[in-house]
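A.B. asks: This is the structure I have questions about; it appears just below.
The values are calculated or read from the model by the stated rules, or taken from the named source; none is laboratory data. Remember, predicted model here, so these are calculated numbers, not experimental data. Cβ placement follows ideal geometry from the backbone for every residue including glycine, while neighbour counts extend to all protein chains displayed.
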Amino acid sequence: MTPLLDIRQLTMDFGGLRALEALDLAVHPAQTVALIGPNGAGKTTLFNCITGIYRPTAGEARLQAPDGRSTSLNGRSTSLNGLKPNQVTALGICRTFQNIRLFGHMSALENVLIGRHCRTRAGIAGAILCNRRTRDEERQAADDSYRLLTKFGLARHANDPANSLPYGAQRRLEIARAMATEPRLLLLDEPAAGMNALETQALDRMIVQLREEEGVAILLIEHDMRLVMSLAQRICVVDYGKKIAEGTPAEVRRNPAVIRAYLGEDESMETHAQDR
């Protein structure tokens, strides 16, 4: 099967610091891949390269065209290198952030509506004239956004300011806003950070639902090993910007290089997962 996201030899330098070195990674349609490693290993840098915040120093990230169709850029896939974040989103990649980045004083519904913006067609003229087509599109966007809030258990907060929501609800709202862009690939940067055990279990179920019902591929950065082992079909481990292991959860769990770099010489993945 052709990868949805195909990253080859991706390298990112910041002056004399090499944050990523010749990294290869593939994510297939409707697959969940976890990216793990110690703090500072380059995980969020990779997300920033994929989503257009950084332009890689070398190597390339490519996105498969929808349904394998040819694109106007490069046959059946498009290079993400050099694209702006809004262009990457339009192609079908959206992300969340390690630190919640909601529009705090806007309502939950308005936050999701912002995510719908990249899929609407009304331009400046439509906004000024407010013709029937524009009104119908706005009504449909609001309906779609409310359905997403319902799906994520946030309907009762639709009119509440985003910064007034409980922490776990804010996390879900950020994912709902990302889903409003209709992504084929969803990048989640530590979605369980700061969550309690019950909130993390709910997040686990929600991510599985997105993959199974929506067919969304997910690339996940996460330090909660219990969540990673539960969700991921494949795991990529990075350390100092280099990939040191990749495989199924069972394979990575037993890999000595992973234990040394990520957990320490005397621990196992099982022990770490049980302790969290």
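A.B. asks: Against the condition small (Gly, Ala, Ser), within 23 Å of Arg211 (Cα to Cα) and under 17 Å from the mean Cα position of the chain (by Cα), how does Ala65 come out, does it pass? First the steps, then the outcome.
C.D. replies: Values: small (Gly, Ala, Ser): yes; within 23 Å of Arg211 (Cα to Cα): yes; under 17 Å from the mean Cα position of the chain (by Cα): no.
The answer is no for Ala65.
A.B. asks: Additional query: Would you point out which residue out of Ala19, Ala26, Ala41 is surrounded by fewer than 20 Cβ atoms within 10 Å (Cβ to Cβ), out of contact with any Lys or Arg (no Cβ under 8 Å at 6 or more places or on another chain) and among the hydrophobic types (A, V, I, L, M, F, W, C)?
C.D. replies: Numbers: Ala19 fails: surrounded by fewer than 20 Cβ atoms within 10 Å (Cβ to Cβ); Ala41 fails: surrounded by fewer than 20 Cβ atoms within 10 Å (Cβ to Cβ).
Exactly one residue qualifies, and that residue is Ala26.
A.B. asks: Out of (1) buried (at least 18 other Cβ atoms within 10 Å of the Cβ); (2) over 26 Å from Asn255 (Cα atoms); (3) touching a Pro at 6+ places or on another chain (Cβ under 9 Å), the odd one out for Ala178 is which?
C.D. replies: Against the list (1) buried (at least 18 other Cβ atoms within 10 Å of the Cβ); (2) over 26 Å from Asn255 (Cα atoms); (3) touching a Pro at 6+ places or on another chain (Cβ under 9 Å), Ala178 comes up short only on (3).
A.B. asks: Only residues that are modelled with pLDDT under 95 and touching a helix residue (DSSP H, G or I) at 6+ places or on another chain (Cβ under 9 Å): list them for region 15-30, please.
C.D. replies: The answer is Ala30, and nothing else.
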